[in-house]
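The structure appears right after this line, and notes come after that.
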Amino acid sequence: MPDTVPARKMEAPRRLLVAIFVAFGVWYLSWRLGTFNPEAPVLSRLIYGAELFGFTGALLHIFMCWRLSEREAPAPDASRSVDVFVPTYNESVALVRKTLLAALAMEQRHTVWLLDDGRRPEMAALARELGCRYLTRPDNLHAKAGNLNHALQHSDGELIAIFDCDHAPRRDFLTRTLGYFNDARVAFVQTPQDFFNLDSYQHRHASGQRSVWTEQSLFFRVIQRGKDTWNAAFFCGSCAIVRRSALDEIGGFATGTVTEDLHTSIRLHARGWKSVYHAQPLAFGVAPESIEPFIGQRVRWGQGAMHVWRMEGILTHKGLTLAQRLNYLASVLTYFDGWQKGLMYLAPVIVLLSGTMPLLTSTPEFLLHFVPYYLLTFWVFEEVGRGYGRSLFIEQYNMARFAAFAWATLAWIFPRMKFRVTAKGMPGGGALRFTLPQWLVMSMNLAAIPIGIALFMAGGSLPLEGLVANAIWAGVNGALALAVLAFTTRVQQHTR
């Protein structure tokens, strides 16, 4: 672990809670090995595997977030030359104009480049009007990464600041980030991706309250700071500044995947370069406004993570430290949550309709082991998340994206897929195909409850305790799905 990164270790009460959780987790999972139902070996082992996966993910999450970096921006070196890249493909002139104006207004010496992969005359006219450099190319090879690499060949700045065309930087963006490059081994500085459209699909806030939570809060407020202490914070594709010589050493922005940011990060870390995460929001963009771009964006991220895993190996990648490998593994494994959640949404339906229990034990013994472990699971998640976990909201987003995550992991086996730009500034349309998994979860779970009761009354094999437990489980699943559908309907009605 780098000693030069100023950080705050998890407080003693939280460390004690984590130790208790780990002890209870080992105790619970060891006990579960003796509860498999021999008449349902597949279901028993699948559910146990899902629980084991969840515990492993929790341990990796704790490892990542044990310490959080606390950086203060060094004074900038005003002599450094900076090229600011703003890539665009099909976004509106009005949206791109706002980002270019903000980029031009930044403090410190810099040159703004509009990189137009759409080859549109209106973008060339916009660049002339505002005084930006304009660059296009004859094809769209390697998508965004190819666009950025093409610009590297036509520019000469020592540092490259990158903003998606919907991310408008603050005036002090360069002032707050340039100083980190006084360390000659720093390859890039990443800042949070914050958003100004607080009615987006990923924002939650109570009426009349000033606090706002977003689905990415935990990542940008906690996880990236934790990764930073292990020199494992990764480049997120926007709101960042990168050293040209570091990119030259790895052959430019990584191509061959649909997430050039994660891919580039691994290659830089493997060559011994340092990363910096400056946790202060310095640019603000447009979050996905409806479920369509929200799900599409998560699918792309997941597919890209699978591509990177195939190409780079992660756990076997030469040059990465053990801590970096575990940090990258934790990020990639996140997308396999989709299969775990899907199984947990389906399990009570199978039990209620088949009358077959996935585990055999007495009710008191089950409650003795299950209740403390699962209460500790949620409690530890909240504490390790330093207030940004919001378990109820997280579970709703898990429900919203589980099918997208599961689908994305198939790219590990079937890697060929087309890059798609996330739609920005577009009102939501019909969302039925994006909410079909939630409709299925809700209908199957709520329908299974009365059917299960009827089968029990008719003399089915399911014991009363099993009926009650799985009916509650199915009810919770149905309620979560209903909450997602209600929220989606409300957000889809927003127009801008």
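Name every residue in the range 141-165 that is open to solvent by 50 Å² or more (accessible area, probe 1.4 Å) and either aliphatic (A, V, I, L, M) or over 26 Å from W273 (Cα atoms) (or both), in order of residue number. Answer for the range 141-165, where residues must be open to solvent by 50 Å² or more (accessible area, probe 1.4 Å) and either aliphatic (A, V, I, L, M) or over 26 Å from W273 (Cα atoms) (or both): just L141. Here L104 clears all of (1) crowded, with 19+ Cβ neighbours inside 10 Å; (2) under 27 Å from P288 (Cβ atoms); (3) touching a strand residue (DSSP E or B) at 6+ places or on another chain (Cβ under 8 Å) except the condition numbered (1). For W230, the criteria (1) of a type outside the set (S, T, Y); (2) open to solvent by less than 30 Å² (accessible area, probe 1.4 Å); (3) touching a helix residue (DSSP H, G or I) at 6+ places or on another chain (Cβ under 9 Å) hold in every case but one, which is (2).
Within the range 375-406, the set of residues being open to solvent by less than 10 Å² (accessible area, probe 1.4 Å), within 18 Å of C65 (Cβ to Cβ) and among the small types (G, A, S) comprises G385, G389. In the range 122-140, the residue that is surrounded by the most Cβ atoms within 10 Å (Cβ to Cβ) out of those that are in contact with a strand residue (DSSP E or B) (Cβ under 6 Å, 6 or more places away or on another chain) and assigned to a helix (DSSP H, G or I) is M123. Evaluate the range 53-65: report whether one residue or more is modelled with pLDDT of 95 or more and in a strand (DSSP E or B). Checking the range 53-65: not a single residue is modelled with pLDDT of 95 or more and in a strand (DSSP E or B). In the range 102-128, the residues that are farther than 20 Å from H167 by Cβ and among the hydrophobic types (A, V, I, L, M, F, W, C) reach residues that are open to solvent by less than 10 Å² (accessible area, probe 1.4 Å) and not in a loop (DSSP other than H, G, I, E, B) with C-beta atoms within less than 8 angstrom, at least six apart or across chains, in these pairs: A124/D116. Among the numbered conditions (1) closer than 30 Å to T229 by Cβ; (2) open to solvent by 70 Å² or more (accessible area, probe 1.4 Å), the only one that D77 does not meet is (2). Within the range 80-101, the only residue that satisfies the criterion of being in contact with an Asp or Glu (Cβ under 9 Å, 6 or more places away or on another chain), among the polar types (S, T, N, Q) and open to solvent by 60 Å² or more (accessible area, probe 1.4 Å) is N90.
For every residue, the table says whether it meets (1) among the aromatic types (F, W, Y); (2) more than 29 Å from R204 (Cβ to Cβ); (3) not in a helix (DSSP H, G or I).
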residue	(1), (2), (3)
R298	no, no, no
W301	yes, no, no
A305	no, no, no
A323	no, yes, no
Y335	yes, no, no
G342	no, no, no
A347	no, no, no
V351	no, yes, no
V371	no, no, no
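Is it the case that A168 is over 21 Å from A73 (Cα atoms) and either in contact (Cβ under 8 Å) with a residue 40 or more places away in the chain or open to solvent by less than 10 Å² (accessible area, probe 1.4 Å) (or both)? When the stated conditions are applied, A168 does not pass them.
Within the range 225-257, take every residue that is outside any loop (DSSP other than H, G, I, E, B) and in contact with a Ser or Thr (Cβ under 6 Å, 6 or more places away or on another chain) and give me the one that is farthest from F163 (Cα to Cα). Let's see the steps before the verdict.
Residues of the range 225-257 that are outside any loop (DSSP other than H, G, I, E, B), as a first pass: 225-229, 240-249.
Next, only the ones that are in contact with a Ser or Thr (Cβ under 6 Å, 6 or more places away or on another chain) stay: 225, 228-229, 241.
Details: R225: 21, D228: 21, T229: 25, I241: 9 Å.
Looking at residues that are outside any loop (DSSP other than H, G, I, E, B) and in contact with a Ser or Thr (Cβ under 6 Å, 6 or more places away or on another chain), I get T229.
Note on the range 307-321: residues that are closer than 22 Å to Q224 by Cβ and part of a helix (DSSP H, G or I) total 4.
From the residues in the range 318-334 that are open to solvent by 30 Å² or more (accessible area, probe 1.4 Å) and either in contact (Cβ under 8 Å) with a residue 12 or more places away in the chain or farther than 30 Å from Y397 by Cβ (or both), which one is nearest to the chain's Cα centre (by Cα)? Talk me through it step by step, then tell me what you get.
Our first condition is that a residue be open to solvent by 30 Å² or more (accessible area, probe 1.4 Å); within the range 318-334, this holds for 318-319, 321-322, 325-326, 333-334.
Still in the list and also either in contact (Cβ under 8 Å) with a residue 12 or more places away in the chain or farther than 30 Å from Y397 by Cβ (or both): 318-319, 321-322, 326, 333-334.
Details: K318: 25, G319: 25, T321: 22, L322: 22, L326: 16, L333: 11, T334: 8 Å.
Residue satisfying both the conditions and the ranking: T334.
Return a yes/no flag: does the range 41-52 have any residue that is closer than 30 Å to L462 by Cα, assigned to a loop (DSSP other than H, G, I, E, B) and over 27 Å from the mean Cα position of the chain (by Cα). No, the range 41-52 contains no residue that is closer than 30 Å to L462 by Cα, assigned to a loop (DSSP other than H, G, I, E, B) and over 27 Å from the mean Cα position of the chain (by Cα).
Filtered by the rule that a residue be open to solvent by 10 Å² or more (accessible area, probe 1.4 Å) and either under 23 Å from A103 (Cα atoms) or hydrophobic (A, V, I, L, M, F, W, C) (or both), the range 261-272 gives D261, L262, A270.
Per this entry, A23 is counted among residues that are among the small types (G, A, S) and either under 25 Å from the mean Cα position of the chain (by Cα) or not in a loop (DSSP other than H, G, I, E, B) (or both).
Scanning the range 53-92 for residues that are among the charged types (D, E, K, R) and under 20 Å from the mean Cα position of the chain (by Cα) yields a single hit, R67. Somewhere in the range 442-457, is a residue of a type outside the set (A, V, I, L, M), at pLDDT below 95, open to solvent by 20 Å² or more (accessible area, probe 1.4 Å) and over 23 Å from G338 (Cβ atoms)? Yes: the range 442-457 contains one or more residues that are of a type outside the set (A, V, I, L, M), at pLDDT below 95, open to solvent by 20 Å² or more (accessible area, probe 1.4 Å) and over 23 Å from G338 (Cβ atoms).
Is it true that E107 is part of a loop (DSSP other than H, G, I, E, B), touching a Cys at 6+ places or on another chain (Cβ under 7 Å) and under 27 Å from P192 (Cβ atoms)? Considered against the rule, which asks whether it is part of a loop (DSSP other than H, G, I, E, B), touching a Cys at 6+ places or on another chain (Cβ under 7 Å) and under 27 Å from P192 (Cβ atoms), E107 comes out as no.
Among the residues of the range 173-224, just one is part of a helix (DSSP H, G or I), open to solvent by 50 Å² or more (accessible area, probe 1.4 Å) and touching a Phe, Trp or Tyr at 6+ places or on another chain (Cβ under 7 Å), namely R221.
Among the residues of the range 308-316, are any among the aliphatic types (A, V, I, L, M) and open to solvent by 40 Å² or more (accessible area, probe 1.4 Å)? Don't jump to the end; show me each part of the working.
Initially, the range 308-316 is screened for residues among the aliphatic types (A, V, I, L, M), giving 308, 311, 314-315.
Now narrow it down to the ones that are open to solvent by 40 Å² or more (accessible area, probe 1.4 Å): 311, 315.
Checked the range 308-316: at least one residue is among the aliphatic types (A, V, I, L, M) and open to solvent by 40 Å² or more (accessible area, probe 1.4 Å).
The values are calculated or read from the model by the stated rules, or taken from the named source; none is laboratory data. Only a predicted model underlies this, so the values are computations on that prediction, with no experimental measurement involved. For neighbour counting, all protein chains shown are included, and Cβ atoms are generated from backbone atoms with ideal geometry for every residue, glycine included. Calculation scope for accessible area: heavy atoms of the full protein, side chains included, ligands and nucleic acids excluded. Shrake-Rupley method; radii C 1.70, N 1.55, O 1.52, S 1.80 Å.
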